[in-house]
Amino acid sequence: MGERETRPAPAEPLRRRPFLRFFSADAITAAGLSISVVAVDVLVVQVLEATEQQVGLIRAVQFLPYLLLGLLAGALVDRWPRRPVLVVSHAAAGLALLTVPMLWWLGHLTLPTTAAVLFLVGACGVMSVAAEQSAVPDLVGREQLVLANARLGQARTVAQTSGPAAAGVLVAWVGAPMTLLLTAGGRLVSAGLLATVAMGPAPSRDRGRSGLDGGLTRSMGQGLAFVYRHRTLAPLALSTHVWFLANSAAMTVFALYALRYLGISPALYGVVLACAGVGGLAGALAAPWIARSLGEGSTVLLGRTLMPLAWTAVILVPDASAGSVLALAGAKTLYGLAMGVEDPAEAGFQQSVTPRGMLGRMNSTMRTANRGCGAAGAVLGGAAAGALGLQETLWITVAVFVVAALIIVFSPLRGARAARHAPL
């Protein structure tokens, strides 16, 4: 009986002014990112006419900075004040994205130059994401973490709902390269907003010597040991790594499947992706109540269970007829619902069970391995699509999604509640 009691709702985190500003900056960034997803897919698949293998490599390049820099970013974020990291990384990403329309206008935009820009943006994202996830517990109380992450998730899913549809129209109107101007502008505006948010000091003032010294190396090792020796974080990490492998492969194939195999237009492609935002918003709205009722661990499991069902529905779509596009939209809605349910619970659980001075390293350890799996999934997905076919590759990803769910089923994370695992 005690496992399923419904806990009282925490206070609204948006009433805290620093979190409200942080929330606004995150929402603007999310809107720009949702536009860039469509713009980059159309740019690579239709404008630059990449092959299946090249599509996989371009997507892998976006994950590569996390693999190369993620652990270092986490260790540095646990030593540096987080606000300057956020401001500089967002501003640098915005400036990097501005080079895409400039190179296109000059006639020098190629697949290698596009990959280079996306790598630079990803490198900035490594630092900003590590700092963002570590900053949330400074802005709200621990009892508000799931709700705060749900609010962030709700804003992101609103962006995912409106952004792709708007991007499809913009791409048809001004072209994919020029559409990325909006994403660049969003990053610069977010940097300005984050500069006004008061955050806590650096968790550790012992910066040690400059460069990758022994102390910094030990710091990164401590983050790895904390995550992979933790009773509940370790299975969560393993399940999420497998999930990223499957999702990256599936999303790599989906762009080819929708734009080439089914032959839907960029505008309809944007609408279909927007449906994932609709589902995500519904999931994020329900996530705090589900987490209070079932516990964060079982809430993550619920999302992981819905994911293979969503991709099975995608595979069963036969063509680009009106009915098929509606079915595809429904499948992407379920996909978004799965992520909307699990993401706030996963983030809230991670933040609740991790000491403040370990947050940057915990987040970056998770994300480094996740993005490494994402890079591998993108390359493998593109290669498998070329060798086996698009539908056959998607069936393989469904099986891998099932494995991600089963890892939680047979672990202490199933039914776990953050309050029972929080650090003293």
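One table, with the values for the structure above:
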read-out: Every pair of residues 6+ apart whose Cβ atoms lie under 9 Å, when the first sits in segment 168-190 and is on the phi > 0 side of the Ramachandran plot while the second is assigned to a helix (DSSP H, G or I) and crowded, with 16+ Cβ neighbours inside 10 Å; value: Gly175/Ala39; Gly175/Val42; Gly175/Leu43; Gly175/Val47; Gly175/Pro101; Gly175/Trp104
read-out: Some residue of segment 120-141 being more than 23 Å from Ala92 (Cα to Cα), in contact (Cβ under 8 Å) with a residue 60 or more places away in the chain, among the small types (Gly, Ala, Ser) and in a helix (DSSP H, G or I); value: no
read-out: Of the criteria (1) at pLDDT 90 or above; (2) surrounded by 24 or more Cβ atoms within 10 Å (Cβ to Cβ); (3) under 13 Å from Leu306 (Cβ atoms), which one Leu334 fails; value: (2)
read-out: Any hit, segment 2-10, residues being outside any loop (DSSP other than H, G, I, E, B) and modelled with pLDDT of 80 or more; value: no
read-out: So Leu328, is it surrounded by fewer than 20 Cβ atoms within 10 Å (Cβ to Cβ) and farther than 19 Å from Gly153 by Cα; value: no
read-out: Which numbered condition Val100 fails, given (1) surrounded by fewer than 18 Cβ atoms within 10 Å (Cβ to Cβ); (2) among the aliphatic types (A, V, I, L, M); (3) touching a Pro at 6+ places or on another chain (Cβ under 7 Å); value: (1)
read-out: Identity of the residue in segment 21-37, β-branched (Val, Ile, Thr) and under 14 Å from the mean Cα position of the chain (by Cα), that ends up nearest to Gly163 (Cα to Cα); value: Val37
read-out: Matching entry among Ala338, Ala345, Ala331 (being part of a helix (DSSP H, G or I) and over 30 Å from Glu143 (Cβ atoms)); value: Ala331
read-out: Residue in segment 192-213 that is assigned to a helix (DSSP H, G or I) and at pLDDT below 90 present; value: no
read-out: Tabulated pairs, segment 363-389, first over 16 Å from Val227 (Cα atoms), second not in a helix (DSSP H, G or I), C-beta under 9 angstrom, 6+ apart or interchain; value: Gly382/Thr51; Gly386/Thr51
read-out: Restricting segment 302-322 to residues that are touching a residue at least 40 places away in the same chain (Cβ under 8 Å) and either in contact with a Ser or Thr (Cβ under 9 Å, 6 or more places away or on another chain) or among the aromatic types (Phe, Trp, Tyr) (or both), the residue that is surrounded by the fewest Cβ atoms within 10 Å (Cβ to Cβ); value: Ala320
read-out: Residue that is surrounded by the fewest Cβ atoms within 10 Å (Cβ to Cβ), among those in segment 381-421 that are out of contact with any Pro (no Cβ under 6 Å at 6 or more places or on another chain) and part of a loop (DSSP other than H, G, I, E, B); value: Phe410
read-out: Residue check for Val40: among the β-branched types (Val, Ile, Thr), touching a Phe, Trp or Tyr at 6+ places or on another chain (Cβ under 7 Å) and more than 22 Å from Gln391 (Cβ to Cβ); value: no
read-out: Candidate set from segment 78-97 (those that are among the β-branched types (Val, Ile, Thr) and buried (at least 20 other Cβ atoms within 10 Å of the Cβ)); member that is modelled with the lowest pLDDT; value: Val85
read-out: Where a residue in segment 42-65 is more than 11 Å from Gly381 (Cβ to Cβ) and its partner, wherever it lies, is among the hydroxyl-bearing types (Ser, Thr, Tyr) and not in a helix (DSSP H, G or I), with Cβ under 8 Å and at least six apart; value: Leu48/Thr110
read-out: Enumeration of residues in segment 290-301 that are over 17 Å from Pro412 (Cα atoms), of a type outside the set (Lys, Arg) and surrounded by 15 or more Cβ atoms within 10 Å (Cβ to Cβ); value: Ile290
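Residues checked against (1) modelled with pLDDT of 90 or more; (2) within 26 Å of Ala155 (Cβ to Cβ):
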{"residue": "Gln222", "(1), (2)": "no, no"}
{"residue": "Ala225", "(1), (2)": "yes, no"}
{"residue": "Ala249", "(1), (2)": "yes, no"}
{"residue": "Gly280", "(1), (2)": "no, yes"}
{"residue": "Leu285", "(1), (2)": "no, yes"}
{"residue": "Arg304", "(1), (2)": "yes, yes"}
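Every residue, every condition in (1) over 19 Å from the mean Cα position of the chain (by Cα); (2) surrounded by fewer than 20 Cβ atoms within 10 Å (Cβ to Cβ), yes or no:
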| residue | (1), (2) |
| --- | --- |
| His230 | yes, yes |
| Thr240 | no, no |
| Ala249 | no, no |
| Pro266 | yes, no |
| Cys275 | no, no |
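The values are calculated or read from the model by the stated rules, or taken from the named source; none is laboratory data. Note that this is a predicted model, so its numbers are computed, not measured. All Cβ positions, glycine included, derive from the backbone under ideal geometry; neighbour counts span all protein chains shown.
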